[in-house]
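Data block below; observations after.
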């Protein structure tokens with residue numbers, strides 16, 4: 001059951017797609033949407049920037065410029081939140097119990113965005129954040145931090161507006177702990193879709209294919225229409241093959257978040273980064 005959804009409201013052009021996707025998931029569950037805007041701490045940022053550049057944080061009005069930029073982002077985020085709630089008749093509820101249908105609340109924090117996203121995300125059933133643009137390190141950092149820091153599933157919406165939950169779920173299956181966690185986290189969605197496809201991308205039959213067949217049988221005990229298939233990677237690689245399968249089905253793609261290793265923080269591996277950057281037509285539900 002999904003009852004609380006944390007929605008990242010950054011004040012950027014991706015917010016509208018994020019808000020729409022969050023509401024599409026919230027509707028079947030009558031869930032509460034908690035919109036979080038994290039405002040930049042201008043003074044702290046100026047000190048960091050100045051220490052790296054060897055200048056005084058007060059030189060050139062750096063704090064003032066950062067405050068102006070933070071004001072603009074916050075105003076944009078709040079204006080979109082107000083328009084979105086009014087346009088979809090979303091009830092504002094700041095404490096439970098809420099109304100019978102979906103509800104919303106606005107939360108403003110000041111400080112490091114990634115840390116606060118993780119802290120609030122730990123208490124939510126799902127986190128919805130914007131998809132990364134090309135070379136957008138900040139977006140990838142937010143997704144990585146939300147996944148690793150909160151331990152919660154993260155939904156990245158498609159580039160186009162998602163107004164309803166897709167009728168099909170494609171599970172990108174591998175014989176790994178991350179994939180198993182993704183299936184468990186997505187289980188609440190199974191009752192609200194028509195079919196589930198378990199897709200293993202591999203050259204030959206292996207443990208992933210065998211466990212995919214076992215997963216198919218187990219999910220059928222839930223009364224779900226489930227199929228399993230193994231696809232050979234095409235000339236563009238395994239990630240593109242999986243994306244193509246999900247796109248053709250108009251599906252929600254469920255997958256584990258895989259990385260290259262951990263030093264001080266998790267760094268996504270090439271497969272995961274490629275899916276998040278290239279799966280423009282489908283929402284991605286990812287769990288570490």
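The values are calculated or read from the model by the stated rules, or taken from the named source; none is laboratory data. None of the values given here were measured: they were computed from a predicted structure. Positions of Cβ are generated from backbone atoms using ideal geometry, with glycine treated the same way; all protein chains shown enter the neighbour counts.
Evaluate the range 181-197: report whether one residue or more is modelled with pLDDT under 90 and assigned to a strand (DSSP E or B). No: zero hits.
Looking only at the range 168-178, which residues are within 18 Å of residue 282 (Cα to Cα) and in contact with a helix residue (DSSP H, G or I) (Cβ under 8 Å, 6 or more places away or on another chain)? Listed by number, the residues that qualify are 169, 170, 171, 172, 173.
Scanning the range 217-248 for residues being farther than 19 Å from residue 285 by Cα and either buried (at least 18 other Cβ atoms within 10 Å of the Cβ) or not assigned by TED's automatic domain parsing to the domain that holds residue 272 (or both) gives a total of 1. The number of residues in the range 86-117 being touching a helix residue (DSSP H, G or I) at 6+ places or on another chain (Cβ under 9 Å) and farther than 11 Å from residue 36 by Cα comes to 11.
For the range 19-31, the set of residues classified as surrounded by 19 or more Cβ atoms within 10 Å (Cβ to Cβ) and part of a helix (DSSP H, G or I) consists of 19, 20, 21, 22, 23, 24, 25, 26, 29, listed by residue number.
For the range 87-109, a residue qualifies if it is in contact with a strand residue (DSSP E or B) (Cβ under 6 Å, 6 or more places away or on another chain) and under 13 Å from residue 22 (Cβ atoms), and the qualifying residues are 90, 103, 104, 105. Wholly within the range 32-132, which strands (runs of 3 or more DSSP E) include no fewer than the required count, namely at least 1 residues that are surrounded by fewer than 14 Cβ atoms within 10 Å (Cβ to Cβ) and modelled with pLDDT of 90 or more? In the range 32-132, the matching strands (runs of 3 or more DSSP E) lie at 103-110.
Yes/no per residue for (1) more than 25 Å from residue 23 (Cβ to Cβ); (2) in the same structural domain as residue 140 (by TED's automatic domain parsing); (3) buried (at least 19 other Cβ atoms within 10 Å of the Cβ); (4) modelled with pLDDT under 80:
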{"site": "250", "(1), (2), (3), (4)": "no, no, no, no"}
{"site": "254", "(1), (2), (3), (4)": "no, no, yes, no"}
{"site": "257", "(1), (2), (3), (4)": "no, no, yes, yes"}
{"site": "267", "(1), (2), (3), (4)": "yes, no, no, yes"}
{"site": "276", "(1), (2), (3), (4)": "no, no, yes, yes"}
{"site": "282", "(1), (2), (3), (4)": "no, no, yes, no"}
